[in-house]
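Read through the structure below, which is laid out as structure tokens, and then see the notes.
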There are 2 protein chains.
Amino acid sequence: MHTLDVALGERSYPIHIGRGLLDDPAPILARLKTPRVALVTNDRVGPLYLERVQHGLERAGVRCTAVVLPDGEAHKDWPTLNLVFDALLGARCERSTTLIALGGGVVGDMAGFAAATYQRGMPFMQMPTTLLSQVDSSVGGKTAINHPLGKNMIGAFYQPRLVIADTATLDTLPDRELKAGVAEVIKYGLIRDAAFFAWLEDNLERILARDPDVLAQAIERSCRNKAEVVAADETERGERALLNLGHTFGHAIETGLGYGEWLHGEAVAAGTVMAARLSRDLGWLGEGDLDRLVALFERAGLPVQGPKLGAERYLELMAHDKKVEDGRLRLVLLDGIGASRVSDAAAPERIAAAIEACCA
Amino acid sequence: MHTLDVALGERSYPIHIGRGLLDDPAPILARLKTPRVALVTNDRVGPLYLERVQHGLERAGVRCTAVVLPDGEAHKDWPTLNLVFDALLGARCERSTTLIALGGGVVGDMAGFAAATYQRGMPFMQMPTTLLSQVDSSVGGKTAINHPLGKNMIGAFYQPRLVIADTATLDTLPDRELKAGVAEVIKYGLIRDAAFFAWLEDNLERILARDPDVLAQAIERSCRNKAEVVAADETERGERALLNLGHTFGHAIETGLGYGEWLHGEAVAAGTVMAARLSRDLGWLGEGDLDRLVALFERAGLPVQGPKLGAERYLELMAHDKKVEDGRLRLVLLDGIGASRVSDAAAPERIAAAIEACCA
């Protein structure tokens, strides 16, 4: 087991990474406020892992309430969130009860937002079961639900007390979801870690083949990158925005097609290619680097072109982005592999041209 | 104009109290992040004051989006909150846009929760227009909506950047609402300020007659008490719970009758008498002090008896309270006028007996 710390003063917390961690309740027990837990999962992950986690806790004398949500990004909405509140209130969960998210990014985002707002805040822990959530969404305290007009539009910054990433859960992850997670792994290399990007070029096939050691290394390096960024800028006033490379384009794809059509990681891959192409058009990113990143996404089986929504529709959807300031779109752009910045330098026509060039 | 400060480190903010403050946009302008504001009000307060506030800001070059909600505690729910999100997204409000609540406690609680969660948090200001919100809900950062199973069950701690209490708005306040606000004013005397309680005994009729100077004094003293408590305990781990005197009983009344039947302050008055009677039964509060507080509520035209829901139903509703810990109900009880504590010492049968004795 490897342990990383996210350094956020009194809100600091550890991330444990390793095989078989779901079976060991000890780290959870050490951080419970009271012996009372609500386990939030979905109807795909629940049947695989809920009983194991729940029994481990119950054997240690912890009273558990399980909440099983419908699976999928299409359910990351208020009515589904309200199922959590109904269950918490129905089971008389208190504000000292700990809420544990067991599942992927959608479960984590929703459960985290429920924990942030139930009785104005209850303790929260994460047990991510997808590559995407292990390397990204379960670290850093961003929680949210979607609104029909925009992804993650309603949410809170709310830090977990503990993250347990059991890499054995990836054994059952569908290929498509594994690849979607790889998109966020590649992102860390692109925005700030050129050596990691080169390592990924050398090891991509082993990741896709689920080599446990290589996967664990990729997860740890990704989490380390994310933890450093989050520790420096918890609420995204500066550097943290770099983590959104490809996300403004990607969210437009997700919202434009309807939540759940494309996986988040797939949309981020295509969105990153758009951002990279725009960076190239601005003269910031070299042709060779653009080719390298497109090639790596392609080897990972990820889309490098977006759906044909029309550039105008993309721009309209992107105008709702949280990084818009004074009406100007602020995008994460690349200066090279491992070098990125937030900029509002690109004019709408330039952005539109990059989008058009990257749609099929 | 009087100004008080709520001392919360980097989240500190001023409360301005005085007549005619709605017409002066200067304090708002000094604290805006960008010249962009969303004004949230309701269909009762909006027609009275919205135009004045909006015009003042627009004359100073601020772009305003107005959101008018249906009035009343019955609308302090998710569908109404979502009207705010719809409006903010529809008008392309950004996370740097400042949300200003113009109205009473319900508007403030909902607008505050919207500000806390729109794009994970936008700047927030309060312009309370009722006595209750001027002395209580607009100070201290508690935001929430109701759930059918419990009042204020979903919310966040989220501090405003500025509170402007224009006492002239009380001129148009219905008598019943003025009295409901007096219940929270009396509360400050009961929990921690015996001299203020005695002053209220001397000045109650002048408050009810809306003597501007006496009202302003009552508001300022109430806010000062609240600001001190909140500064010492922002997220209610200790002393802040004392502000909930009468509220656990009162919330049961509000939830049990259906939100909006009784005003919050009315429920708090009857609930405080229940808490006081229980304190007397435990031998903590003298008979003379119990008589004094009942007499003051009666002079204020506030209910000193709760509705006959049955003690069992009260206890069931109270079991959802946020102050329940390890299944035990923690109540604010009185040791005297101006002296209170949080205690789980009262057995359910004792609580039931006090409720029964205070219902008509």
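The values are calculated or read from the model by the stated rules, or taken from the named source; none is laboratory data. Remember, it's a predicted structure, so these values are computed and weren't measured experimentally. All Cβ positions, glycine included, derive from the backbone under ideal geometry; neighbour counts span all protein chains shown.
Tabulated data for the structure shown
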| quantity | calculated |
| --- | --- |
| Residues of segment B:247-273 satisfying the condition of being of a type in the set (Asp, Glu) and crowded, with 22+ Cβ neighbours inside 10 Å | B:GLU254, B:GLU266 |
| Odd one out for B:ILE100 among (1) more than 15 Å from the chain's Cα centre (by Cα); (2) touching a residue at least 40 places away in the same chain (Cβ under 8 Å); (3) within 14 Å of chain A (Cβ to nearest Cβ) | (3) |
| Test set (1) touching a Leu at 6+ places or on another chain (Cβ under 7 Å); (2) under 21 Å from A:ALA30 (Cβ atoms); (3) surrounded by fewer than 24 Cβ atoms within 10 Å (Cβ to Cβ); (4) not β-branched (Val, Ile, Thr) - A:GLU177 fails condition number | (2) |
| Single unsatisfied condition, B:HIS2 versus (1) touching a strand residue (DSSP E or B) at 6+ places or on another chain (Cβ under 8 Å); (2) more than 14 Å from chain A (Cβ to nearest Cβ); (3) at pLDDT 95 or above | (3) |
| Filtered residue count, segment A:317-332, keeping only those that are surrounded by fewer than 21 Cβ atoms within 10 Å (Cβ to Cβ) and either touching a Leu at 6+ places or on another chain (Cβ under 9 Å) or at the interface with chain B (Cβ under 7 Å from one of its Cβ atoms) (or both) | 6 |
| Set A:ARG237, A:ARG161: member being within 14 Å of another protein chain (Cβ to nearest Cβ) and over 15 Å from the mean Cα position of the chain (by Cα) | A:ARG237 |
| Exclusive hit being at pLDDT 95 or above, away from chain B (no Cβ under 14 Å) and within 20 Å of A:ASP136 (Cα to Cα), set A:GLY286, A:GLY338 | A:GLY338 |
| Test result for B:ALA91, hydrophobic (A, V, I, L, M, F, W, C), surrounded by fewer than 23 Cβ atoms within 10 Å (Cβ to Cβ) and within 14 Å of chain A (Cβ to nearest Cβ) | yes |
| Those residues of segment A:114-151 which are within 12 Å of chain B (Cβ to nearest Cβ) and either more than 22 Å from A:LYS323 (Cβ to Cβ) or assigned to a helix (DSSP H, G or I) (or both), in sequence order | A:ALA114, A:ALA115, A:ALA116, A:THR117, A:TYR118, A:GLN119, A:ARG120, A:GLY121, A:MET122 |
| Every pair of residues 6+ apart whose Cβ atoms lie under 7 Å, when the first sits in segment B:246-275 and is more than 22 Å from B:GLY286 (Cα to Cα) and without any contact (Cβ under 8 Å) to a residue 60 or more places away in the chain while the second is charged (D, E, K, R) and assigned to a helix (DSSP H, G or I) | B:TRP262/B:GLU254; B:ALA267/B:GLU254 |
| Residues within segment A:208-249 that are more than 11 Å from A:VAL139 (Cβ to Cβ) and not acidic (Asp, Glu), tallied | 23 |
| One residue from B:ASP136, B:ASP166 being of a type in the set (Asp, Glu) and either within 24 Å of B:ARG240 (Cα to Cα) or surrounded by fewer than 20 Cβ atoms within 10 Å (Cβ to Cβ) (or both) | B:ASP136 |
| Filter pass, B:ALA345 being more than 14 Å from every other protein chain (Cβ to nearest Cβ), in a helix (DSSP H, G or I) and either hydrophobic (A, V, I, L, M, F, W, C) or in contact with a Gly (Cβ under 9 Å, 6 or more places away or on another chain) (or both) | no |
| Qualifying residue in segment B:62-73 (condition: over 26 Å from the mean Cα position of the chain (by Cα), within 14 Å of chain A (Cβ to nearest Cβ) and closer than 25 Å to B:ALA26 by Cβ) | yes |
| Qualifying positions in segment A:74-88 - charged (D, E, K, R) and within 10 Å of chain B (Cβ to nearest Cβ) | A:ASP86 |
| Selection count, segment A:202-231, where residues are within 13 Å of A:ARG299 (Cα to Cα) and among the β-branched types (Val, Ile, Thr) | 1 |
| Candidate set from segment A:294-342 (those that are without any contact (Cβ under 8 Å) to a residue 40 or more places away in the chain and outside any helix (DSSP H, G or I)); member that is nearest to B:ARG36 (Cα to Cα) | A:ASP326 |
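Results for (1) within 19 Å of B:ALA269 (Cα to Cα); (2) touching a residue at least 40 places away in the same chain (Cβ under 8 Å); (3) in the same structural domain as B:LEU333 (by TED's automatic domain parsing), shown as yes or no for each residue.
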{"position": "B:ARG206", "(1), (2), (3)": "no, no, yes"}
{"position": "B:ASP213", "(1), (2), (3)": "no, no, yes"}
{"position": "B:LYS226", "(1), (2), (3)": "yes, yes, yes"}
{"position": "B:VAL230", "(1), (2), (3)": "no, yes, yes"}
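To keep it simple, each residue is scored yes or no on (1) in contact with a Ser or Thr (Cβ under 7 Å, 6 or more places away or on another chain); (2) free of Cβ contacts under 8 Å to residues at least 40 places away in the same chain; (3) not aromatic (Phe, Trp, Tyr).
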site	(1), (2), (3)
B:PHE113	yes, no, no
B:THR129	yes, no, yes
B:LEU149	no, no, yes
B:PRO174	no, yes, yes
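Per-residue answers, yes or no, for (1) closer than 24 Å to B:ALA115 by Cβ; (2) in contact with a Phe, Trp or Tyr (Cβ under 9 Å, 6 or more places away or on another chain); (3) of a type outside the set (A, V, I, L, M, F, W, C):
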position: B:HIS147; (1), (2), (3): yes, yes, yes
position: B:LEU178; (1), (2), (3): no, no, no
position: B:ARG192; (1), (2), (3): no, no, yes
position: B:GLY238; (1), (2), (3): no, no, yes
position: B:ASN244; (1), (2), (3): yes, no, yes
position: B:GLU261; (1), (2), (3): no, no, yes
